[in-house]
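Q: Quick one: structure below, then a few questions.
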Amino acid sequence: MSLYRGFSTDNRLRKYRVTDFDLAKQDLFNHFRIRKGEKLMNPEFGTVIWNLLFEPLTGELQELIIEDISKVVKYDPRLAVGNVVLSEYEHGLAVNIELTYIPEDLTDVLYLQFN
């Protein structure tokens with residue numbers, strides 16, 4: 001039996017049920033879609049990555065982005081962040097985040113593109 005249950009309309013053609021680790025990853029993905037300061041009544045929610053896309057990717061900026069990614073992942077108590085790999089991707093950034101789903105001790109890598 002699933003501990004967490006939800007649904008996703010990401011496909012737009014149909015709604016489908018998601019549970020547990022898949023639901024936590026979908027929630028995290030949605031969190032990364034929001035620019036920091038964009039959410040009404042919660043200006044600290046979201047990520048700063050969208051504001052930094054066209055800045056030169058210096059070591060200092062990489063540290064700032066990785067710190068922000070860790071903060072976003074820690075926002076969800078179901079997840080723990082492991083290794084984060086950041087790289088330039090065409091006209092944006094690519095991020096590999098090693099995630100651990102705490103209730104079941106499952107690990108997976110989430111790949112995100114910001115462009």
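The values are calculated or read from the model by the stated rules, or taken from the named source; none is laboratory data. Note that the structure is a prediction, hence the values are computed from the model and not measured. Using ideal geometry, Cβ is built from the backbone for each residue, glycine included, and neighbour counts are taken over all protein chains shown. For the accessible areas, the whole protein counts, side chains as well, though only heavy atoms, and no ligand, DNA or RNA atoms are used. Shrake-Rupley method; radii C 1.70, N 1.55, O 1.52, S 1.80 Å.
Yes/no matrix, rows are residues, columns are (1) of a type in the set (Lys, Arg); (2) modelled with pLDDT of 85 or more; (3) more than 15 Å from the chain's Cα centre (by Cα); (4) over 20 Å from Asp105 (Cα atoms):
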site: Arg12; (1), (2), (3), (4): yes, no, yes, yes
site: Gln26; (1), (2), (3), (4): no, yes, no, no
site: Phe32; (1), (2), (3), (4): no, yes, no, yes
site: Lys36; (1), (2), (3), (4): yes, yes, no, yes
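Q: Then there is this: Counting only residues that are within 14 Å of Ile49 (Cα to Cα), assigned to a strand (DSSP E or B) and either more than 13 Å from the chain's Cα centre (by Cα) or without any contact (Cβ under 8 Å) to a residue 12 or more places away in the chain (or both), how many does region 94-115 have?
A: Residues meeting the conditions: 0.
Q: Six or more apart or on different chains, Cβ under 9 Å: which pairs go from a residue in region 59-80 that's open to solvent by less than 80 Å² (accessible area, probe 1.4 Å) to one that's small (Gly, Ala, Ser) and not in a helix (DSSP H, G or I)? Could you list them?
A: Val72/Gly46; Val73/Ala80
Q: For residues that are part of a helix (DSSP H, G or I) and free of Cβ contacts under 8 Å to residues at least 12 places away in the same chain, scanning just region 20-58, find the one that is surrounded by the most Cβ atoms within 10 Å (Cβ to Cβ). Outline the logic, then answer.
A: In the first step, residues of region 20-58 are kept if they are part of a helix (DSSP H, G or I); the result is 20-32, 49-52.
When the remaining residues are screened for being free of Cβ contacts under 8 Å to residues at least 12 places away in the same chain, the result is 22, 30.
Numbers: Asp22: 17, Asn30: 11.
Among those that are part of a helix (DSSP H, G or I) and free of Cβ contacts under 8 Å to residues at least 12 places away in the same chain, it is Asp22.
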